[in-house]
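Have a look at the structure below, then the notes.
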Amino acid sequence: MSLLPLFLIRWLAPLLWPLRALTTRAWLREAEVDAVLARLHPAWRLNRVFARVVGREWVSDDLLALRLRCNGNARGWRAGQHVQLHLQLDGVRHSRSYSLTRVGAGGLIELGIRRQPGGRLSNRVLDHLPVGAVLELGQARGELQWPEQGAGVGLLAAGSGITALLGLLREALARGYTAPVTLLHYVREAGQRAYQAELQQLMLRHPNLQVRWLLTGQDARHDPQGGRFQAGHLLGMSDFGLLACGPAGFVEAVRNNWGGSLQVEAFSPPQRISEPGQAVRLDFARSRVAALGDSNRSLLEQAEEHGLRPAHGCRQGICASCTCTLLAGTVRDLRSGEPFAEPGQPIRLCVSAPLGDVQLDI
Ligand code: FES
């Protein structure tokens, strides 16, 4: 039971700046201030984002729109970014990254959460997290932007990739984007056509929007236009800005068939390189750890193997929590194969493997 309503703690959030300044100078401990604030409301903290569940809506057989109202610490969030959702399960803290499908006024946000076979956190949220529950979120990250250049916009989503694109689409249409928009959503079965009713309504209200669902599983036999992504699906979009979001293989297929402006987000773990790994020297400069590693595996995996605990979230190159600075050497992006060798460049440890000896600022 909270002593203060959530709207009041949102309103009071700016008044906490003097306390923040004191914790920054180490004159107060943030954990102690948080403990006092949490007694007044379970979602009140100095800097951390807590939110209360205010709504749940199934938007397909396996995808839930979870609506939350955040405390006053979710600043500058944009639809299309991701946030980490943290839950304590059986005494162990679990985290998972989800797309922001809506960022509204008054701290209201919406996340798209898909059921994952064996996914402990997702399935707990889907089956047991009630309206009224309070949970912790990370800060929002992600760079996807609505493409303003081009004669129109093509949105290609596979599976739950729709959640990263839907928020951008909703916002663009709401602010009056009138150039053509084509959304192709690839799903295995008809029941996975998430947000179908809303997208059909949007098509009626915005004649510039076309949405097609393409079935890639068994149901594809009955859909002559269905099937997995192929270059022909991009016909008519040659001068569009393109956004593609889905598993790494899907994103790679789009990338290989597209020569124009493209933003992508791949959410499955990067594939290992199959050739034998070359031995490399890893220098984790800030931790003063030097070790032998290999050129096959991600730097996150190898840092953990050597006893380091770098911050991380999704382990799939999405949330950016594992970003660190490359001080020297060359790394390869495990999703695209692209090399990065610029000293001072930020890299994501979970999707970067060393191409030779490297030095990192962790
Ligand atoms: S852990 Fe999320 S980007 Fe690396």
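A few notes on this one:
- Selected residue (only one of GLY317, GLY329, GLY337 is open to solvent by less than 50 Å² (accessible area, probe 1.4 Å), in contact with a helix residue (DSSP H, G or I) (Cβ under 6 Å, 6 or more places away or on another chain) and of a type outside the set (S, T, N, Q)): GLY317
- Some residue of segment 310-327 being more than 10 Å from the ligand (Cβ to nearest atom), outside any strand (DSSP E or B) and either without any contact (Cβ under 8 Å) to a residue 60 or more places away in the chain or under 23 Å from VAL251 (Cα atoms) (or both): no
- The single residue among LEU126, LEU108 that is open to solvent by 50 Å² or more (accessible area, probe 1.4 Å), touching a residue at least 24 places away in the same chain (Cβ under 8 Å), more than 18 Å from CYS314 (Cα to Cα) and of a type in the set (A, V, I, L, M, F, W, C) turns out to be LEU108.
- Among all residues of segment 340-350, there is none that is open to solvent by 20 Å² or more (accessible area, probe 1.4 Å), closer than 27 Å to GLU252 by Cα, of a type in the set (Val, Ile, Thr) and within 11 Å of the ligand (Cβ to nearest atom).
- Among residues of segment 104-119, those that are more than 18 Å from the chain's Cα centre (by Cα) and modelled with pLDDT under 90, counted: 2
- Strands (runs of 3 or more DSSP E) wholly inside segment 140-252 that include at least 3 residues being open to solvent by 30 Å² or more (accessible area, probe 1.4 Å): 209-215
- SER295 being in contact (Cβ under 8 Å) with a residue 12 or more places away in the chain, more than 13 Å from the ligand (Cβ to nearest atom), under 23 Å from GLY246 (Cα atoms) and not assigned by TED's automatic domain parsing to the domain that holds GLY80: no
- For GLU304, the test of being more than 11 Å from the ligand (Cβ to nearest atom), farther than 26 Å from GLY232 by Cβ and outside any strand (DSSP E or B) is passed.
- For SER97: the one exception among (1) at pLDDT 90 or above; (2) among the hydroxyl-bearing types (Ser, Thr, Tyr); (3) buried (at least 16 other Cβ atoms within 10 Å of the Cβ): (1)
The values are calculated or read from the model by the stated rules, or taken from the named source; none is laboratory data. For clarity, every value in this text was computed on a predicted model and none was experimentally measured. A quick note on method: Cβ atoms are made from the backbone with ideal geometry, for glycine too, and the neighbour counts reach across all protein chains shown. Quick note on the areas: whole protein, heavy atoms, side chains included, nothing else; ligands and nucleic acids left out. Shrake-Rupley method; radii C 1.70, N 1.55, O 1.52, S 1.80 Å.
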